[in-house]
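What follows is a short report on a single structure.
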Amino acid sequence: MDEMYENEVFETSSPKTDRYFEAFSKYVTDVDMNAIRKTVEWAKTESVKIHDTETLKKIMGCIDLTTLKPTDNEDTVLALVEKVNDFDNIYPDIPNVASVCVYPCYAGTVSRSLEADNVKTCCVSGGFPSSQTFIEVKIAETSLAIHEGAEEIDIVQNAGHILNGDYETLAEETDEIKEVCKDRTLKVILETGAIAKPEDRMKAALLAMYSGADFIKTSTGKEVPGADPESFCIMCQAIRAYATETGRKVGIKAAGGISTVGDALVYWCIVKKILGKDWLDREHFRIGASRLANALLSEISGKETNHF
């Protein structure tokens, strides 16, 4: 090798970049899609077997009840919160939802009006849904949401950074936002529908956890395809590997187009298969949904219900 070229290579290598590849070296980032597909097929079969009232109640308690419409306003958000507040009186034997998830400008509206026990105020933040904005804006938006009462924050990884291998920027952004969140729950959305390669989905999941995510989440459900069981399996495998390596249990959230009870049960079964029963609670498993809550209530109660 030419000496000048050799020196050039040495001088342009980045220790910061190297540390992410060093982190990846601790894990198997290649994905066996045949095994993934077998797991999904198993989950679809198993979901029929466990389609019972008790399981549906548990899933109900893991829902992040979501309204992220361009037509949202204070009146519509307040109306949704009132339905959550009334839920325990109307359905005393069914767990209430885990959180109410809104745009950050409605964090105060939710936090000030939410009376239901154990239901959190959740906000999307960080340039949702594309993540294409300045880190200063992401930090400011997150800080304002927390100041207004947000207890959980859902941000979006910049999928473009995964696609061009800019792991340093991606990880540092998540790390900075986690610093703002402190002990509040940070869910990092991978937007798996925008990431074609299974190996890149695995790396996105590992980077999010490596940078402080308390949950990793499939999708925004806005600009690209939402949750799919195959990507969800890959994320569960990443969580299992990360927990084995570090001892830290990171949660998982499926979101984007999940509206049927059957679909919800498939995701429940995937978690049970790959991560185990310890992940099957609202501290470690969530489903982001708007229509699913009514579908679950209808099946549990045995009659058509449109409470939400």
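Things worth noting here:
- Distance cut-off 25 Å, percentage of C-alpha pairs in segment 79-202 lying past it: 33
- The convex hull around the C-alpha trace of segment 226-302, projected and averaged over every direction, spans 5.0 square nanometres.
- On Cα atoms only, tilt of 33-49 relative to the major axis of the chain in degrees: 10
- Spherically averaged projected area of the chain from its Cα convex hull (nm²): 17.0
- A 1.4 Å probe, protein heavy atoms only, puts the accessible area of GLU230 near 50 Å².
- For the chain, cysteines whose Cβ has no other cysteine Cβ within reach (under 4.7 Å): CYS62, CYS105, CYS123, CYS181, CYS233, CYS236, CYS269
- Among the trypsin sites (Lys or Arg not before Pro) within segment 103-185, those in coil by DSSP and having at most 11 neighbouring Cβ atoms inside 10 Å are LYS182.
- Globularity index of segment 55-112, i.e. its alpha-carbon radius of gyration over 2.2 N^0.38 Å: 1.17
- Rounded accessible area per residue of the chain, 1.4 Å, Å²: 46
- Rg and Dmax, both from the Cα atoms of segment 56-151 and both in Å, are 14.0, 45.
- Using Cβ point charges alone (K and R +1, D and E -1), the dipole size of the chain about the Cα centre works out to roughly 1240 debye.
- Above-threshold pairs, the threshold being 22 Å between Cα atoms, out of LYS138/LYS222; LYS57/LYS182; LYS69/LYS203; LYS138/LYS178: LYS57/LYS182; LYS69/LYS203
- Legend: residues VAL48, VAL224, VAL266, sorted from most to least accessible area (1.4 Å probe; ligands, DNA and RNA excluded), read VAL48, VAL224, VAL266.
- Counting only DSSP H runs of at least 4 residues, each contributing -39500 (n - 2.57), and dividing by the residue count of the chain, the helix-based mean residue ellipticity at 222 nm comes to -16000 deg cm²/dmol.
The values are calculated or read from the model by the stated rules, or taken from the named source; none is laboratory data. Please read all numbers here as calculations on a predicted model, not as lab measurements. Here Cβ is always computed from backbone atoms with ideal geometry, including for glycine, and neighbour counts include all displayed protein chains. Calculation scope for accessible area: heavy atoms of the full protein, side chains included, ligands and nucleic acids excluded. Shrake-Rupley method; radii C 1.70, N 1.55, O 1.52, S 1.80 Å.
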